[in-house]
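Please read through the structure below; I'll follow up with questions.
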Amino acid sequence: MSQLVVEPPSERVSHPHRTIENVPGRLGTVPVNRVMSAAGMPWQRRLSRAALMVPAIRHWERVHLKLNDDDLKGVSMALRGKARGKVSLDKLLPEAFGLCSVAIQRVLNIRPFDVQLAAGVVMHFGGLVELATGEGKTVSASSPAFLNALLGKGCHVTTVNDYLAKRDAEWIGPVYEKLGLTVGVLQQKMDDAVRVAAYKADITYGTAAEFGFDFLRDRLKLRGGQAATAPFWAPFMPGASGQAKTDPRVQRELHYAIVDEADSIFIDEAKTPLIIANPTRPAEPEEQVVFVWADNVAREMRRDQHFTLNLKKDKIEITDEGRQLVRYSNPPTGKNAKAMDKLLESVEKGLHAYYRFARDQHYMVNPKDGKIVIIDEGTGRPMPDRHWRDGLHQAVEAKEKVQINMPSDHAAQITFQNFYRLYTKLAGMSGTLLPNFWELRKVYRRWTSKVPTNRPTMRQVIPDQVYPTEDAKFDAVVRKTQEMLKTHRPVLIGTRTVEASKKLSAKLTAVGVRHRVLNAEQNEGEAEVVAAAGQPDTVTVATNMAGRGTDIKLGEGVAEAGGLHVIGTERHEAERIDRQLQGRAGRQGDPGSAQFMLSLEDQLLEGLGSAKQRELNELGKAGGNRDWNQYAPLFRLAQQRIERKHYRQRLDLMNYDKHRQEMLQDIGADPYVD
C-alpha cells in the first residue's frame with residue numbers, strides 16, 4: 001500500500017512563528033467546578049467532573065515522564081492486565097491518560113492541552129463534545145481510545161472520508177504503538193483478509209459508512225449460510241493451515257466508538273440509510289424504453305401547467321393536464337412496458353431529475369466512463385459507490401444521455417441512527433454540535449458539552465454582504481480577493497457547487513489572479529493544495545472538501561498581515577456547515593477573518609417557497625440603487641426552514657426503520673437483511 005505523506009496538522013504542532021503552549025485555567029477554577037459537578041446541568045456536570053480530573057492526569061504524566069520507552073510500554077501492558085482483570089476503567093483513567101500524554105510528547109513532540117484532556121474524559125464516559133475547529137480533535141480522542149482499547153474488545157475511531165481516516169491513523173498511530181497497542185485502517189475496496197486484520201487491531205480507524213457496510217456484509221454472510229460449522233477433522237486434512245475458519249465475519253462485537261465530525265455522521269448522513277444493493281448491469285435497449293420515454297415526456301412538461309413543485313417538501317405532483325399529456329404521449333408497449341400508475345411515477349422521477357438535481361452540484365458525469373457520480377453536498381466529495389433509489393438514478397442517466405443501468409434490489413440496510421446505537425459505548429466530537437443539541441439527546445441519548453478553546457479566539461467574522469445577482473457577487477469576490485492580495489494575505493474561497501467553483505475560477509483567471517481549485521472533479525493532490533493554502537499570496541477556490549478536517553498552516557509573515565481570509569460564496573443548507581468553513585480561519589488563537597457574500601439568485605432562498613424565490617430573483621435582475629443588505633435576514637430564515645425540513649426527514653427515516661425492524665423481528669426474520 002502506498003504511503004500518503006501528510007504534514008502534521010497545524011492545530012497540533014509548533015507554528016513557524018510561535019509555539020502553542022497550554023493555557024491553564026481555561027476550564028475554570030476548582031471551587032466552581034466542584035459546585036458545577038454536583039449542581040450543574042447534566043452537560044455541565046460532565047465537563048466540570050472532567051476538569052477536576054485534569055490535575056490527577058498531570059500528576060501521572062510527571063511520574064511517567066521519568067520512565068524510558070521500554071518501561072513506558074511495560075506500564076501500558078500492566079494497565080492492560082488490570083483492565084482485563086476486571087479493574088474499572090474509570091479507576092485507571094488518570095494513569096492511562098497521563099501515560100498516553102507522555103507517549104504523545106515523545107512521538108509527536110507536543111503536549112496535550114488541559115482542554116484536550118478534559119474533552120477526552122467526557123468522551124470516555126460516553127459524551128459528545130464540541131471542540132472548536134482547530135483545537136486538536138485527533139489528540140483529544142487518543143487518550144479515551146487508548147484507555148478503552150485496553151480491554152481488548154476493539155475501539156473504532158470513525159471519520160467522514162478515507163483521506164482523514166488514513167491521515168489520522170498514520171499521524172497518531174505511532175503513539176499507540178509506543179504503548180504496545182496495534183492500529184488498523186479501513187479503506188474502501190479492501191479484501192476481507194485485510195479487513196479482518198484491521199478489525200483485530202486494538203484501535204481501528206475508518207469511515208462511518210465502512211463500519212456500517214461491514215456490519216451489513218457480515219449479516220449477509222451469516223444469512224447466506226457461510227457460517228456453517230466445519231467438521232472437527234478439517235484442520236488435520238492436507239492443505240489445511242491451522243484452525244479452520246468457521247466465522248466469515250470480519251467485524252468483532254461493537255464495543256466502543258469515537259465518532260469524529262459527529263454532526264456530519266449523526267445529522268447530515270442520517271438522512272440517507274446505508275444500503276447494500278445486489279449487483280447491477282447495463283440495461284439492454286428494450287429495457288431502457290420506459291426511462292427514455294419518461295425523460296422525453298418530462299422535457300415537454302411545463303411547471304404549474306403539467307405539474308406542481310413544492311420546494312419546501314421536495315414534492316412533485318402531476319396535474320390533471322399533465323396526466324392527460326402522459327396518457328397520450330404514446331406510452332411504451334411490449335414486455336418491458338408498465339401500468340399507467342408506474343408510468344406516472346417514472347415521469348415524476350424524470351421531473352425530479354430536471355428540477356431538483358443539478359449537474360456539478362448534486363452529481364457529475366465521470367469523463368472516463370460516462371457514469372453518473374453522486375456528489376456529497378456536506379463534504380463536496382464524489383461518492384462513486386452510491387446510487388439513488390426507486391428509478392431516480394436511471395432518470396438522471398436518461399437526462400444526461402449516458403448508459404442506463406438497471407435498478408438494483410436491496411440486499412441489506414440500516415440507518416446511521418440505528419447502527420451507532422448498537423455500540424456498547426458511544427462518544428463523539430465536532431466543532432459544530434450545539435445547533436443540534438436536543439436532537440442528539442433525543443436520538444442518541446447523549447449530552448453535548450462545549451469545551452472552551454485553549455486560547456481565546458481572534459477570528460473576525462464580518463457581516464454578510466448581499467448582491468443582486470450571482471455575477472455581481474462573483475465580481476465582488478474577485479475584488480475582495482485582489483484587495484487581500486495587496487497585503488499578501490492568503491484567501492480561501494468556499495463554493496457550494498462544482499459549477500460555482502468553475503465559474504469563479506474563470507473570473508479569477510480573467511483578471512490574472514493565480515489560484516488553485518479543489519472540487520469533486522479536481523481533487524488530485526488534495527493534501528498539497530490544503531497545505532499550501534495558508535502561504536502568502538495564495539488563493540484557493542474549494543467546495544466543502546476544504547470545510548471539514550482540513551488543517552491550514554499559516555506561512556511566514558501571514559499572521560502579522562492578518563491571517564487567512566475566508567470568503568463563503570453561498571450559505572449552505574445547515575448553519576453548521578457555514579461554521580465549519582469559517583473555522584478554517586483563526587485557528588488556535590491565530591488571527592483571521594471570514595465573510596459570506598450572497599446574492600438574491602442563491603439556491604438557498606428556495607427554502608422561502610417558490611413564489612418568494614422568484615420574486616427575489618426578479619428583484620435582483622431588475623437591479624437598481626437599493627440597499628441589498630436589507631435582505632440578509634432572509635437567508636438565515638430560509639436556512640432555518642430547510643434545517644427543520646431535514647430534521648423531519650431524519651425522524652421519519654428513523655421511525656420507518658424502527659417499525660420495519662420490529663415487524664421483521666415479530667415474524668422471526670433478520671431485521672437488517674430480510
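The values are calculated or read from the model by the stated rules, or taken from the named source; none is laboratory data. These numbers come from a predicted model, not from an experiment. Cβ atoms come from the backbone with ideal geometry, glycine included; neighbour counts cover every protein chain shown.
Among the helices (runs of 4 or more DSSP H) contained in segment 345-445, which hold 2 or more residues that are without any contact (Cβ under 8 Å) to a residue 12 or more places away in the chain and either of a type in the set (Asp, Glu) or not assigned by TED's automatic domain parsing to the domain that holds ASP304 (or both)?
437-444
What number of residues within segment 581-597 are in contact with a helix residue (DSSP H, G or I) (Cβ under 8 Å, 6 or more places away or on another chain) and modelled with pLDDT under 90?
The total comes to 5.
In addition: So PRO174 fits all but one of (1) surrounded by fewer than 22 Cβ atoms within 10 Å (Cβ to Cβ); (2) under 16 Å from SER76 (Cα atoms); (3) under 22 Å from the mean Cα position of the chain (by Cα); what number is the exception?
(3)
Please specify each residue of segment 113-151 satisfying the condition of being under 12 Å from MET53 (Cβ atoms) and touching a Pro at 6+ places or on another chain (Cβ under 6 Å).
Within segment 113-151, GLY120, HIS124 meet the criteria.
Just for segment 5-34: of the residues that are surrounded by 14 or more Cβ atoms within 10 Å (Cβ to Cβ) and among the hydrophobic types (A, V, I, L, M, F, W, C), which one is modelled with the highest pLDDT?
The extreme case among them is LEU27.
Oh, and also: Just checking: which of the helices (runs of 4 or more DSSP H) contained wholly in segment 564-674 hold 1 or more residues that are acidic (Asp, Glu) and within 30 Å of ALA533 (Cβ to Cβ)?
By residue number, 575-582, 632-666.
ILE462 versus (1) crowded, with 16+ Cβ neighbours inside 10 Å; (2) modelled with pLDDT of 90 or more: which is the lone unmet condition?
(1)
Still on this structure, please answer the following. What's the number of the only condition in (1) closer than 28 Å to GLN588 by Cβ; (2) in a helix (DSSP H, G or I); (3) in contact (Cβ under 8 Å) with a residue 24 or more places away in the chain that GLU499 fails to meet?
(1)
Within segment 82-129, work out how many residues are of a type outside the set (S, T, N, Q) and not in a helix (DSSP H, G or I).
The number of residues fulfilling the criteria is 12.
Also, quick follow-up: When only residues in segment 250-277 that are farther than 21 Å from CYS155 by Cβ and among the small types (Gly, Ala, Ser) count, which is surrounded by the fewest Cβ atoms within 10 Å (Cβ to Cβ)?
Among those residues, the one meeting the criterion is ALA277.
ILE414 fails exactly one of the following numbered conditions: (1) modelled with pLDDT of 90 or more; (2) in contact with a strand residue (DSSP E or B) (Cβ under 9 Å, 6 or more places away or on another chain). What is the number of that condition?
(1)
Could you count how many residues in segment 481-517 are in contact with a Gly (Cβ under 7 Å, 6 or more places away or on another chain), within 22 Å of ARG381 (Cβ to Cβ) and surrounded by fewer than 17 Cβ atoms within 10 Å (Cβ to Cβ)?
0
If I go through segment 250-295 residue by residue, how many of them are under 28 Å from PHE146 (Cβ atoms) and free of Cβ contacts under 8 Å to residues at least 40 places away in the same chain?
Residues meeting the conditions: 0.
I'm told LEU433 meets every condition in (1) closer than 25 Å to LYS271 by Cβ; (2) among the hydrophobic types (A, V, I, L, M, F, W, C); (3) surrounded by fewer than 20 Cβ atoms within 10 Å (Cβ to Cβ) except one. Can you identify the failing condition by its number?
(3)
Can you list residue pairs whose Cβ atoms sit under 9 Å apart, with the first residue in segment 319-338 being among the hydroxyl-bearing types (Ser, Thr, Tyr) and the second being in a loop (DSSP other than H, G, I, E, B)? Count only pairs 6 or more apart in sequence or on different chains.
Final answer for the pair search is THR319/ASP304; THR319/GLN305; THR319/HIS306.
Let me ask another. Going by the structure shown, is GLU345 in contact with a strand residue (DSSP E or B) (Cβ under 9 Å, 6 or more places away or on another chain) and at pLDDT 90 or above?
Considered against the rule, which asks whether it is in contact with a strand residue (DSSP E or B) (Cβ under 9 Å, 6 or more places away or on another chain) and at pLDDT 90 or above, GLU345 comes out as no.
Right, next: Filter segment 491-517 for residues that are within 25 Å of TYR363 (Cβ to Cβ) and among the small types (Gly, Ala, Ser) and give the result.
If the condition is that a residue be within 25 Å of TYR363 (Cβ to Cβ) and among the small types (Gly, Ala, Ser), then GLY494, ALA500, SER501, SER505, ALA506 are the ones that fit.
Next question, about the same structure. When you go through (1) modelled with pLDDT of 90 or more; (2) buried (at least 19 other Cβ atoms within 10 Å of the Cβ); (3) not in a strand (DSSP E or B) one by one for THR204, which number turns out not to apply?
So THR204 meets the others, but not (3).
Okay, moving on. Looking for something in the same structural domain as LYS178 (by TED's automatic domain parsing), in a helix (DSSP H, G or I) and touching a strand residue (DSSP E or B) at 6+ places or on another chain (Cβ under 6 Å) - is there at least one such residue anywhere in segment 46-66?
The answer is yes, given that some residue of segment 46-66 is in the same structural domain as LYS178 (by TED's automatic domain parsing), in a helix (DSSP H, G or I) and touching a strand residue (DSSP E or B) at 6+ places or on another chain (Cβ under 6 Å).
Consider GLU300 carefully, then state whether it is exposed (fewer than 13 other Cβ atoms within 10 Å of the Cβ), in the same structural domain as LYS401 (by TED's automatic domain parsing) and closer than 26 Å to VAL402 by Cα.
Against the criterion (exposed (fewer than 13 other Cβ atoms within 10 Å of the Cβ), in the same structural domain as LYS401 (by TED's automatic domain parsing) and closer than 26 Å to VAL402 by Cα), GLU300 qualifies.
Something else about it: Residues in segment 659-672: is at least one touching a strand residue (DSSP E or B) at 6+ places or on another chain (Cβ under 8 Å) and in contact (Cβ under 8 Å) with a residue 24 or more places away in the chain?
For segment 659-672, residues touching a strand residue (DSSP E or B) at 6+ places or on another chain (Cβ under 8 Å) and in contact (Cβ under 8 Å) with a residue 24 or more places away in the chain: present.
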